[in-house]
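Quick notes on the structure that follows.
Any read-out appearing in this document is the output of simple, stated calculations on the displayed coordinates, not a laboratory observation. Computed from a prediction, not measured in an experiment: that's the story for all the values here. Note that each Cβ is placed from the backbone with ideal geometry, even for glycine, and that neighbours are counted across all protein chains shown.
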Amino acid sequence: MNMQFLSLKRKEKTTLQKPHPLGLGLSCFILRSSSNFISIHGRIGQGREKGGKKAGTDFGTQALKRRGKRSFPSQITSLPSPNPYPPTGIGASTCTMPGYYDISDILMEDEAVSVVFHVGANGVGLLDPGTETNSVEKGAKIDLPFWLAHELCRRRAVSITIPSCFGQKMKKDVQADAACVDLGTRYPYFYEFGCKLFPLVGDKSIGPFLRHTFASRYKEMLSKSHTASLNAIPKFVLRLSKEEYQLFEAARSSMVEFKKWRVRDLGLMKATILGHKRKTDLH
Amino acid sequence: MAGQSDHSLSIFSAAEVEFIAEDEMIEIVPNIRMDALNLLCGDFGPFLPQIPCKVPLWLAVALKKRGKCSIRTPDWMSVEKLTQVLEAERESPREFQPLPFHYVEISRLLLDHAHDDIPEVYMVRSLIEDIRNVRFHKVESGLETISGRTYAVKLKNLSAMEVNLVRPFMVRVLQAFDKHDSPETVQQADTSASKRPQVVDRGLRRDLRPR
């Protein structure tokens, strides 16, 4: 069946476009959000590459604008259009309807998941780096960005396999010591990703696992965030996921502001006053 | 709420809380003669020298800055009362002592502008600092006990500035817990053997003080 792709305008990244360094005349298809995140790239005709240069590293510095003539055969299927007036405020970041314009949401959906195709797909061979024809076989295992996998899963074209961040190894790590798991560098969007993935994959244990992780990490680390020292960043901050980091920032910024307010107009006078020894008489 | 500086975080800045605190009434002893002031918030009687009268705090501070009055310390700001409060705070690990709602702001304004009117100003200042530290420490240790079951957190006798300090963090934490919790409650209803008690059993609120 022909793969039907929507022109997903939301994901259009309008950045600079450089000509392909290998000069094969076949440009590459890159989905890229920022330099920090893994970019999914595929190349057509991998075997025909000249020079042993690994093009993957080049792609990390380029971004491609998706040109109109290379868009896939687009028969627009009917999808409910996203709400053009998303709810603003803190309540917008719920599992069901996150803000459409929310940047961190967009970034989060760029994470790669491994999917298994239920149907063959024509014309989208560059999703699969190893294919010769311009198509994807049924039953192939491919890495897709989450937003794409999400849509395809809704149409029952693929099935998503649970990524490693919710696998057994992670569960063991969390059980051992949740506060030491380094979500900041490995999976900064751990919780949001889990929330989104949870209804798509048949595994019901992800939800309680997320909650348990969050609860134990909160207890260890976030509850101390108010009095975290203001100049030096405590070490655990680097291990927080984005969501946890926002909580930490909220506490810290309100503390900083309060402290600034307290010493306003006083300058150095405050310190000397507090240095006075206080004689306590309890009677 | 209308007075906030940052709607998305729903916090007041510290200066805004101070602004609200300045509406509290306080007693002054003017040293000039002045006619009655008819203001929107009320009428403040003709000021006669050495006759004490009650005015809002902002007016008192303004008059004090111009040297037209001297401020009489409120009762709760005496050394004995503060020492009592401090000892009581240290003894009860989960309760907060009743203090005026804006005690932080009022004490700061008075200590800044009217420190010559307060007897034993250094003692008072350090006592208030201690009280604030002990209370905040209690708030923090209470924060650690928030778990997934918490619907609401009740903190009795907390003052305005302290509430403002923890508000963004606590609101977001409760929301985060709620986000992780609610879909699963629905899911878990399907499973036959559910170890966690269902919604009905949950306590209505999690008190940070003994019930």
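A convex hull fitted around the alpha carbon atoms of region B:88-129 yields 81 Å³ per residue. Couplings 3J(HN,Hα) of region B:60-70, computed from phi: 4, 5, 5, 5, 5, 5, 8, x, 9, 7, 10 Hz, in residue order, whole Hz [Karplus 6.51 cos²θ - 1.76 cosθ + 1.60, θ = phi - 60°; x for Gly and Pro]. Do any trypsin sites (Lys or Arg not before Pro) in region A:156-257 lie in a DSSP loop with no more than 14 other beta carbon atoms within 10 Å, and if so, which? Loop-located and lightly packed - A:Arg156, A:Lys204.
Pairs exceeding 24 Å between alpha-carbon atoms, taken from B:Lys54/B:Lys154; A:Lys219/A:Lys242; A:Lys169/A:Lys196; B:Lys54/B:Lys138; A:Lys260/B:Lys54; A:Lys260/B:Lys154: B:Lys54/B:Lys154; B:Lys54/B:Lys138; A:Lys260/B:Lys54; A:Lys260/B:Lys154. Extension gain, A:Tyr101-A:Val237: 0.36 nm per intervening residue step, less the Cα-Cα distance, totals 46.3 nm.
Look at the Cα gyration tensor of region A:142-252: its axes a ≥ b ≥ c give a/c of at least 1.5 with a/b over b/c, and that counts as prolate. Pairwise inverse Cα distances across region A:106-162, averaged and inverted, put the Kirkwood hydrodynamic radius at 11.3 Å. Classify region B:48-144 as rounded, prolate or oblate, taking a ≥ b ≥ c as the square roots of the eigenvalues of its Cα gyration tensor: rounded when a/c is under 1.5, otherwise prolate if a/b is larger than b/c and oblate if not. The shape class here is prolate.
Computing FRET efficiency as 1/(1 + (r/R0)^6) for B:Asn133 and B:Lys68, where r is the C-beta to C-beta distance and R0 is 60 Å, gives about 0.95.
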